[in-house]
Every structure is written in structure tokens, then in C-alpha cells.
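The values are calculated or read from the model by the stated rules, or taken from the named source; none is laboratory data. This is a predicted model, so every value here is computed, not measured. Cβ placement follows ideal geometry from the backbone for every residue including glycine, while neighbour counts extend to all protein chains displayed.
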Amino acid sequence: MSVAVAASPGLTTQRHEPLRVMVVDDSAVIRGLISRWIEAEADMTVAASIRTGLDAVNQVERVAPDVVVLDIEMPDMDGISALPLLLAKKRDLIIIMASTLTLRNAEISLKALSLGASDYIPKPESTREIAAADIFKRDLIEKIRHLGARVRRPATVPSPSLSPAGQPLQASPARTLSPPVVPPVPSKVTTRPFSPAAPRVLLIGSSTGGPQALMTLIAGIGSVIDRYPVLITQHMPPTFTTILAEHLARTSGRPAHEAIDGEAVKPGQIYLAPGGRHMRVARSGGNPVIALADGPQINFCKPAVDPLFSSAIDVWQNGILAVILTGMGSDGCGGSKEIVAAGGNVIAQDEATSVVWGMPGAVAHAGVCAAILPLDQIAPKLVRLFSGVRG
């Protein structure tokens with residue numbers, strides 16, 4: 001069957017005003033660093049650089065930002081207190097929480113997502129760590145661009161000459177034009193019939209918007225978890241995955257933990273790839289076990305979804321049911337193709353309910369999905385499929 005999809009906002013040929021970004025952090029060094037990165041991009045600009053959450057709340061209506069990068073720990077008013085007040089004044093505001101990698105900040109960041117923040121980003125412990133700062137810069141700019149695409153406003157001045165990314169070719173030379181973030185997409189995507197093979201394991205891949213989506217999904221598949229193993233790769237740093245696993249356990253009422261290298265994979269358990277390590281599966285004595293690896297990033301991610309999906313084929317062959325939830329990029333697409341080629345099935349979250357339709361959009365456009373569903377329809381579908389109902 002064919003499913004209609006909206007045109008990608010990143011590929012429109014219409015000129016857009018730069019995204020207006022408010023940077024809120026009590027560190028002048030961090031504010032200056034982030035502001036320079038933003039001003040180096042053609043499609044975004046710093047609308048304001050602010051020291052406290054209270055100042056941000058007082059100025060948000062005047063500044064009218066599209067995106068706010070919001071620190072957690074600040075004087076006068078911290079980020080988690082400012083968050084609902086900012087959203088109350090501007091309901092469509094995109095807020096990205098920024099924090100250092102501590103258990104407390106990880107917990108606060110996940111709470112912020114439940115209060116309406118769009119995403120989070122871990123700050124490096126020290127800006128002198130060049131590698132860490134480079135990763136922070138890349139991830140932050142990508143998040144601002146992808147999340148901000150939802151609130152882009154067409155400029156009033158037409159632009160007859162556009163770059164392939166839909167940005168003016170005459171942009172300031174001091175700024176860099178980024179390449180298209182997604183390939184051209186057709187107006188429709190085609191789904192394939194469900195494989196008749198009975199699923200024996202559930203694999204889930206997610207990224208931006210994933211924690212909220214995972215909570216919704218996991219809450220509705222208790223009967224599946226009880227009878228089959230569930231393995232999840234969520235793009236997340238260390239410490240954050242520790243907290244996420246605890247939230248998944250509370251939400252599902254079933255055991256959930258960061259996977260441990262060499263442990264057996266059993267029904268009734270939720271295994272979460274630990275931040276900073278790729279999770280694969282292998283066989284030991286004929287039984288499936290977890291295999292963690294500390295190799296380089298894959299698809300700019302660590303953990304990545306593709307290693308889990310690809311390795312699972314040797315263990316469960318055609319008995320794999322994989323789900324791709326909201327997220328940036330295309331991680332999971334390669335592994336999904338392999339799963340389908342081996343006789344398994346793939347379901348993707350639809351565009352309307354995804355925070356970013358990157359990962360699910362990639363598998364949808366690759367033609368490997370047996371279904372493309374709104375988030376609230378995925379759990380009931382999984383329950384039926386694992387109960388033996390085909391298609």
C-alpha cells in the first residue's frame with residue numbers, strides 16, 4: 001500500500017528567515033561559545049544571550065525566539081523552573097535542555113522532556129576538551145536545525161536563486177551552508193506485506209524524541225515483554241541511559257536495565273544499550289547473549305541502532321520484529337533492510353507523531369516497512385503481531 005507523506009521542510013525551495021535562537025546559560029564562556037557556533041550557520045542567528053532563567057522568562061515575548069538552548073543550573077531561576085514558564089508564554093517554543101553528565105542532571109533532563117522540552121544535550125565537562133567540544137557543537141547545531149524546522153517561517157522577500165539545501169547562495173561568507181540533511185522524498189511511500197514468520201524478539205531504535213516515545217510504547221506492550229525479550233538502542237550518552245532504564249522499568253512494571261556484556265537475553269526483560277557503547281547480540285552455547293563493544297561511532301552515533309539490528313539476524317533469523325521511532329538521521333535503516341531481507345518485519349513511527357522524522361522516514365522511504373503508524377497505534381499492533389495475528 002502507499003502512504004502519503006508531507007514534503008520535507010528541509011527541501012523546500014522557498015527562502016526562510018534564519019532560526020532565532022536564545023542562549024540561556026550562566027557561564028559567559030559557554031554562552032559565547034554557543035553563540036559563535038550559531039552565528040557561523042547561515043540558517044540560524046542568536047536572538048539573545050541571557051544569563052538566568054528568570055531573565056529568559058521576562059524577555060522571551062520581546063525576543064520571540066524559535067529555539068531556546070536552556071541550561072539547567074543557573075542562579076535566580078534554574079532551567080527546570082523556567083521551562084514551563086517559557087512554554088506558557090510561547091507554546092510553540094522549541095526548548096533544548098543543556099546539562100553536564102551527572103545523574104542528577106540526567107534525571108532533570110528526562111523530567112524536562114515530560115514537561116514539554118523538545119530535547120536535551122550533554123555539555124562537555126570542560127570546553128578545553130577539543131574532541132568533546134566538537135561533538136557538542138555538531139550535535140547542538142543539528143538539533144537546533146532539525147527541531148527548528150518545525151517552526152521555520154517563510155521570508156517575505158522571494159529568492160530566485162537557491163542552493164540545493166534551499167538556502168540563499170548569496171549568504172554571508174562568514175557563515176557556512178550546511179548540506180541537505182535528508183534526501184529528496186516522494187509524495188508517497190510504499191509499505192510491504194508482513195512476513196508470515198512469527199516474531200521471537202522485539203528490537204527498538206530511537207533518537208530525538210525517543211525517551212517520550214519509548215515511555216508511551218513500553219507502557220502498552222506488557223504482554224509482549226512478558227513472553228519475549230525487548231532490546232532498545234536509544235541515542236543517549238552515559239549516565240542518561242542509566243536513568244532512562246529506571247524510567248522504563250517503572251513505566252512498564254517489568255525489569256529494565258542497561259545491558260551487560262555477556263549476559264543472557266531472556267523473555268521478560270528490557271535491555272537498553274548503555275550510553276557510549278554499541279550493543280550487539282551473539283550466541284553462546286546456543287543461547288543469545290549481549291555483546292557490548294567500545295568501537296568508533298557508527299552513523300555518527302554510539303550506541304548505534306544498526307549494530308543491534310544486523311547482529312540479531314544471526315540469532316533470530318526471520319523472527320525479528322523491529323520498530324524505528326522518532327529520531328534524527330538514518331541510523332537503523334541499513335539494519336532494517338537486512339532484517340527484511342532475512343524475512344523479518346519493520347514498523348516505523350509516522351511523521352505526524354514524530355518529533356523528527358529522520359530515522360523512521362529513512363526506513364519508510366527505503367520501502368522496507370510493513371507498517372507506518374502513529375505512536376499510539378504501534379503498541380496495539382505489536383501486541384496483535386506477537387499474539388499470532390498476521391498483518
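When LEU54 is tested against (1) more than 16 Å from VAL23 (Cβ to Cβ); (2) in a helix (DSSP H, G or I); (3) touching a residue at least 24 places away in the same chain (Cβ under 8 Å), exactly one condition is not met: (1).
Could you tell me which of the residues PRO184, PRO255 is at pLDDT below 95 and of a type outside the set (Ser, Thr, Tyr)? Spell out the reasoning first.
Values: PRO255 fails: at pLDDT below 95.
Every option except PRO184 fails the conditions.
Applying a threshold of 8 Å to beta carbon distances and a minimum spacing of six or more residues, or different chains, the list of pairs starting in segment 380-391 at a residue that is in contact (Cβ under 8 Å) with a residue 12 or more places away in the chain and farther than 18 Å from GLN349 by Cα and ending at one that is assigned to a loop (DSSP other than H, G, I, E, B) and small (Gly, Ala, Ser) reads GLY388/ALA198. Applying the criterion of at least 1 residues that are hydroxyl-bearing (Ser, Thr, Tyr) and in the same structural domain as GLY334 (by TED's automatic domain parsing) to the strands (runs of 3 or more DSSP E) found wholly in segment 262-315 leaves 270-272, 278-284.
Candidates are the residues of segment 340-356 that are buried (at least 24 other Cβ atoms within 10 Å of the Cβ) and free of Cβ contacts under 8 Å to residues at least 60 places away in the same chain; the one that is nearest to the chain's Cα centre (by Cα) is ALA348. Of all residues in segment 73-89 being among the hydrophobic types (A, V, I, L, M, F, W, C), within 18 Å of THR100 (Cα to Cα) and surrounded by fewer than 24 Cβ atoms within 10 Å (Cβ to Cβ), which is nearest to the chain's Cα centre (by Cα)? The residue in question is ILE80.
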